[in-house]
1. I need the peptides 119-128, 50-59 ranked by packing, meaning the mean over residues of other C-beta atoms within 10 angstrom, with the highest value on top.
2. Going by average Cβ density within 10 Å per residue, which order do the peptides 65-75, 148-158 take, highest to lowest?
3. Using modelled amide H (1.01 Å from N, peptide plane; none on Pro or chain starts), what sits under 5 Å from the amide H of D104, excluding residues fewer than 5 places away?
4. Among R129, R180, which comes first, second and so on when ranked by fewest other beta-carbon atoms within 10 Å?
5. Read through the labelled values (1) 43, 39, 38; (2) 65, 38, 29; (3) 43, 39, 33 and report the label of the one computed as Cα extents along the principal axes in Å from the structure.
6. For the range 21-112, take the convex hull of the Cα atoms, compute a quarter of its surface area, and give me that in nm², please.
7. Using the beta-carbon distance between I73 and V138 and R0 = 45 Å, what value does 1/(1 + (r/R0)^6) give for FRET efficiency, to the nearest 0.05?
8. Using a 10 Å cut-off around each Cβ, can you sort S49, S176 from fewest to most neighbouring Cβ atoms?
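Throughout, read-outs are computed from the coordinates displayed, never taken from laboratory work. Treat the numbers as computed from the prediction; the structure is a model and nothing was measured. Don't worry about glycine lacking a Cβ; one is built from the backbone with ideal geometry, like all the others, and counts go over all protein chains shown.
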Amino acid sequence: MALIESATLEVADPTAAQQFYTAAFGADLPVRVRASEAPTDGFRGFTLSLIVSQPANADLLLDAALQAGATAIKPAAKSFWGYGGVVQAPDGTIWKVATSSKKDSVPASKEIDQIALLLGVGDVAASKRFYVEHGLTVAKSFGRMYVEFAEAGPIKLALYGRRALAKDAGVPVDGSGSHRLAISGAGPFTDPDGFAWEASKMAAAS
């Protein structure tokens, strides 16, 4: 089972980006930032999701993100699957904060239960085969619609059709240029949709 150690966001201003993420989501987030001026426009083909235990926690994180400078894309609301909302960080990364619960049971906190990276891909079945060949283990699979891999680190990886992911995020599907994302873990390699993986830093240090 391949380790997914962290995600690195490539941003124009790493200092400002790090300040935003610390203020919005806390200092322990397994997301790094580094400088990049790579051209990018529109939807970058991925979203990051913070899964929490109750609506109050989702509200607390979304409010903190907005206060730190994020832009609201989908205001928090109940749906058939639970409760959540979507914001865009100042660096352009799209974040979804969600819970499967529709009721609060304890005082609100910014505790994050799970972090998921969703890649919007052109062919879910082909990308699934690619990732299995590179050591990832499938946990859930729904044909050519959605694939979720078993967790092997702090970030869960899932594949979604690009158009479906953009719709879920509430943004237009069009986009070009760099993904502005590097995934640390099972690499180094680049997947069929241009998402770059780097070797795990922990593996390199051992």
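1. Numbers: 119-128: 19.3, 50-59: 22.0.
Per-residue Cβ counts within 10 Å, averaged per peptide and sorted highest first, yield 50-59, 119-128.
2. Working: 65-75: 15.9, 148-158: 18.8.
Packing order, densest peptide first, comes out as 148-158, 65-75.
3. Amide H to amide H, under 5 Å and 5 or more residues apart or across chains, D104 pairs with nothing.
4. On the way: R129 13, R180 21.
Going from sparsest to densest Cβ surroundings: R129, R180.
5. Matching the structure shown: (1).
6. Details: hull surface 25.4 nm².
So the mean shadow area of the Cα hull is 6.3 nm².
7. 0.95
8. Numbers: S49 23, S176 11.
Listing S49, S176 from fewest to most nearby Cβ atoms yields S176, S49.
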